[in-house]
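Asks: Structure incoming, see below.
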Amino acid sequence: SEGDTRINQVMIGYFEGATDDEDFQRDARTVETGSKKIYTLIDENQFSIQSRTYPLNQEDVVKLGFVTDKHGQLKISLGDTEGIFGNEQSVYLKDNLLGIIHDLKDSDYVFESEEGKFDNRFEVLYTKGSLSTTNEINENSNVLIYNDVTGVIIKSNIDLLHDLFVYNQNGQLVYLKNNLNSKVLSLNLTSGIYFIKVILKNNNVFNKKIIVL
């Protein structure tokens, strides 16, 4: 994050004799206790080293969690690679919040995050067609998000709007409003692609990608 050079690392490896469960003397649970950390997950347990079944299944999905002590910009990078990953094997990061699949071999993934612990936002994939292990919550008729002549309209047909997050296509938080206590809101956004996350008073969450012309 800005003004903070702390670095955490995790390793994911594919080895003969390994399983996708916790393997004694192969996997290592994270011992990092700092205010910022990243880890992979097996069930609810955090790992800094995780071994997986070899050969690599292209449909494999590895959950990636992180903790941060403050709101700000963070970066996920692909470090040293060897074996199958040193060649043409792709490595993707899926952002379940924004619906983005990013090729980590092309560039780092820079994103905005609120403070907290997040175990369901990111997954490591090896093909863009991999199935997510996270149930994404999509917009339905209870919350409408659409373009209007006055701007982007967000309207709840059930409970009050409580929190609103707007991200650009790079995953950067461009608008945040808490404690809205309203059923209708209008936003003036410049042209571009946005990912809108709405949290209602009853804690239901709705997400939508929208294009502003």
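Asks: Report, for the stretch 11-125, the % of DSSP beta bridges that are antiparallel, rounded to 5.
Replies: Just about 85 percent of them are antiparallel.
Asks: List, in order, the whole-Hz ³J(HN,Hα) value for each residue of the stretch 19-30 obtained from phi through the Karplus relation with A = 6.51, B = -1.76, C = 1.60 and θ = phi - 60°; use x for Gly and Pro.
Replies: Working through the residues one at a time gives 10, 8, 9, 6, 10, 4, 6, 10, 8, 10, 5, 5 Hz.
Asks: So if I take the centroid of the Cα atoms in the stretch 1-78 and the same for the stretch 174-213, what is the distance between those two points in Å?
Replies: 31 Å
Asks: Run the numbers on the stretch 143-212 and let me know its relative contact order in percent, using alpha-carbon pairs under 8 Å that are six or more apart.
Replies: Taking the mean separation of contacting Cα pairs over the length of the stretch 143-212, I get 33 percent.
Asks: I need the shape label for the stretch 159-210. Rule: rounded when a/c is under 1.5, else prolate if a/b > b/c, else oblate, with a, b, c from the alpha carbon gyration tensor.
Replies: prolate
Asks: Might you report the magnitude of the Cβ-based charge dipole of the chain about its Cα centre, with Lys and Arg at +1 and Asp and Glu at -1, to the nearest 20 debye?
Replies: 960 debye
Asks: Please state the relative contact order of the chain as a whole percent: Cα pairs under 8 Å, 6+ residues apart?
Replies: 15 percent
Asks: If you don't mind, there's one more thing I want to ask. Going down the table (K70/K105; K117/K197; K75/K128; K37/K63), which pairs top 24 Å between alpha carbons?
Replies: With Cα atoms farther than 24 Å apart: K70/K105.
Asks: Another question about this same structure. Place a point 7 Å from the Cα of A18 along the Cα-to-Cβ direction; which residues of the stretch 86-116 have their backbone N under 11 Å from it?
Replies: The answer is none, because no backbone nitrogen lies closer than 11 Å to the label point.
Asks: Let me ask something else about it. Which of Y39, Y54, Y109 ends up with the largest GNM mean-square fluctuation for the chain, with Cα atoms connected below 10 Å?
Replies: In this elastic network of the chain, the residue with the biggest mean-square fluctuation among Y39, Y54, Y109 is Y54.
Asks: By the gyration tensor of its Cα atoms, with a ≥ b ≥ c the square roots of the eigenvalues, what is the shape of the chain: rounded for a/c under 1.5, prolate for a/b over b/c, or oblate?
Replies: Here the chain falls in the prolate category.
Read-outs throughout are calculated quantities, based only on the coordinates presented, and are distinct from any laboratory measurement. Because the structure is a prediction, the values reported are computed rather than measured. Glycine also receives a Cβ, built like all others from the backbone with ideal geometry; neighbour counts cover every protein chain displayed.
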